[in-house]
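Here is the structure we will look at, set down as structure tokens.
The values are calculated or read from the model by the stated rules, or taken from the named source; none is laboratory data. Keep in mind that what you see is a predicted model, and the values were worked out from it rather than measured. Positions of Cβ are backbone-derived with ideal geometry, glycine not excepted, and every protein chain shown enters the neighbour counts. Only protein heavy atoms, including side chains, enter the accessible area calculation; ligands, DNA and RNA are left aside. Shrake-Rupley method; radii C 1.70, N 1.55, O 1.52, S 1.80 Å.
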Amino acid sequence: MARINQNYDKLAAGYLFPEIAKRTHAFSESNPDAQVLRLGIGDTTEPIVSSVLDGLRDGVNALGAEESYSGYGPSEGISPLRESLAKLYAERGLSLDPSEFFVSDGAKSDSANIQGIFSEDCVVAVQDPAYPVYVDSNVIAGRTGRATQEGYEGLVYMPCTEENGFFPELPKQKVDLIYICSPNNPTGAVATREQLKTFVDYANQHRAVIFFDSAYAAFITDPDLPRSIYEIEGAEKCAIEFNSFSKTAGFTGVRLAWTIVPKACQTEDSEPGKLHALWTRRQNTFFNGASNVVQAGGVAALSPEGRKQTDEQVAFYLENARIINEGLTSLGITTYGSDNAPYVWLKTPKGLSSWEFFDKLLNECHVVGTPGSGFGPAGEGFFRLSAFGHRGNVEKAVQSIKENLKL
Ligand code: PL4
């Protein structure tokens, strides 16, 4: 007799982003003439830059000739891409071997799947608020109890609040797996070297492992802020890092990412090299590698011309963030983030709940954002606006908020 994975029934509600899409659709159905301006999902909007398009085309063309055709590739990714990634980190003085880079189809899937190579009884700590995938993947894996008003039983929430500058204190109890996202989705806060050092030291002391999601690292403009956790001494022994081409190369639909599992990284019951071997085995078993066409695009994105052009696109989105931030602050709304991240994190006015503000913004201004409470209990009373969008739409959204939001 087949039985389902009962852990799915523990999941608190629908996944956040489909829920937003559902509510937005309902609004559009009842207001067919309203132009809905979307600053909700962090999804790129600008065309892929020419050098990366050329790389993708080269990938396609290679498939059309007998001598350059390729079928299944290594599930860890093609060597030129892994080597280009290692060079990228080497430029910042980080010595990582190409074999420590695992190319994949997304930071979402990797950050959801990584927990699968760890013991089921590991205690998990998450920043609160956090990208929902970290929590949900552990709920499904059975590492939590029921959902309550305060979050899932058994999960250690590390509140990120105005008081602590949206970076958490160390957990009071011993935890085994720690998720840190910097630049942070949703708060836009970037961890300093000192802040990361406290977690790296904790992890090395307790033989915990940090999952460091740096999907927005390219948005860091402040040269003093770390873009990779491996800039912190000792991190290679305790941290696994995720990054993605989604937001830099506009690959949210194309799909390409990478995960770094250093050979030095270890757990309390394993030697250095074991985690690297387990992730290799996991990927070999469950994954057949990212698309060869797309990996050719990835190599082009890391070329000097690709980097120049994609950097310009990142700067474009950061300018959107500045425009949104300026518009909100001119209304007296308290905001965070936006300087080194593509998200503006705002405090809902008049103590409205996050979902109340979602409805208000949609009904009064026809602007869609993301309720902070969807990212965890500490996100209640906050709201996220995404800076991904065409400039004209971003400006229209800000104008509409300024003219129509009843404060
Ligand atoms: C909506 C911190 C966005 N349907 O594209 P990937 O898989 O390489 O990267 C996804 C990702 C990884 N890590 C962080 C992220 O914020 C994201 C993308 N987040 C958002 O609006 O929060 C897109 C979400 C998408 C989803 O469910 O991920």
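Here ARG23, ARG3, ARG38, ARG57 are screened, and the one residue that is open to solvent by 60 Å² or more (accessible area, probe 1.4 Å) and within 14 Å of the ligand (Cβ to nearest atom) is ARG38. Within the range 115-140, if we keep just the residues that are open to solvent by 30 Å² or more (accessible area, probe 1.4 Å) and assigned to a loop (DSSP other than H, G, I, E, B), the residue that is farthest from the ligand (Cβ to nearest atom) turns out to be ASP121. May I ask you to verify whether ASN61 is under 19 Å from PHE375 (Cβ atoms) and polar (S, T, N, Q)? In short, no. If only residues of the range 218-231 that are open to solvent by 10 Å² or more (accessible area, probe 1.4 Å) and of a type in the set (A, V, I, L, M, F, W, C) are counted, the one that is farthest from GLN205 (Cα to Cα) is ALA218. The set of residues in the range 57-71 that are assigned to a helix (DSSP H, G or I) and touching a residue at least 12 places away in the same chain (Cβ under 8 Å) comprises ASP58, GLY59, VAL60, ALA62, LEU63.
Applying the set (1) surrounded by fewer than 23 Cβ atoms within 10 Å (Cβ to Cβ); (2) within 19 Å of ALA130 (Cβ to Cβ) to GLN205 leaves exactly one unmet item: (2). Would you point out which residue out of LEU81, LEU94, LEU88 is among the aliphatic types (A, V, I, L, M) and part of a loop (DSSP other than H, G, I, E, B)? After applying the criteria, what remains is LEU94. Condition test on SER246, is it closer than 23 Å to ILE78 by Cα and surrounded by fewer than 23 Cβ atoms within 10 Å (Cβ to Cβ)? Considered against the rule, which asks whether it is closer than 23 Å to ILE78 by Cα and surrounded by fewer than 23 Cβ atoms within 10 Å (Cβ to Cβ), SER246 comes out as yes.
If you check GLY154 against the conditions, is it small (Gly, Ala, Ser), at pLDDT 95 or above, away from the ligand (no atom under 16 Å from the Cβ) and open to solvent by 30 Å² or more (accessible area, probe 1.4 Å)? Judged against the criteria, GLY154 is a match. Write out, first by first residue and then by second, each pair whose Cβ atoms fall under 6 Å of each other, whose residues are 6+ apart or on separate chains, and whose first residue, in the range 38-52, is within 20 Å of PRO304 (Cα to Cα) while the second is of a type in the set (A, V, I, L, M) and buried (at least 21 other Cβ atoms within 10 Å of the Cβ). Short answer, once both residue conditions are applied: SER51/ALA300; VAL52/ALA249; VAL52/ALA300; VAL52/ALA301. Under the condition of being open to solvent by 20 Å² or more (accessible area, probe 1.4 Å) and near the ligand (Cβ under 9 Å from one of its atoms), the residues counted in the range 254-271 number 1. The single condition from (1) of a type in the set (D, E, K, R); (2) within 16 Å of the ligand (Cβ to nearest atom); (3) touching a strand residue (DSSP E or B) at 6+ places or on another chain (Cβ under 6 Å) that ARG143 fails is (2).
Could you tell me whether ARG282 is outside any strand (DSSP E or B), buried (at least 16 other Cβ atoms within 10 Å of the Cβ) and charged (D, E, K, R)? The answer is yes for ARG282.
For the condition under 30 Å from PHE358 (Cα atoms) and in contact (Cβ under 8 Å) with a residue 40 or more places away in the chain, ALA21 does not qualify.
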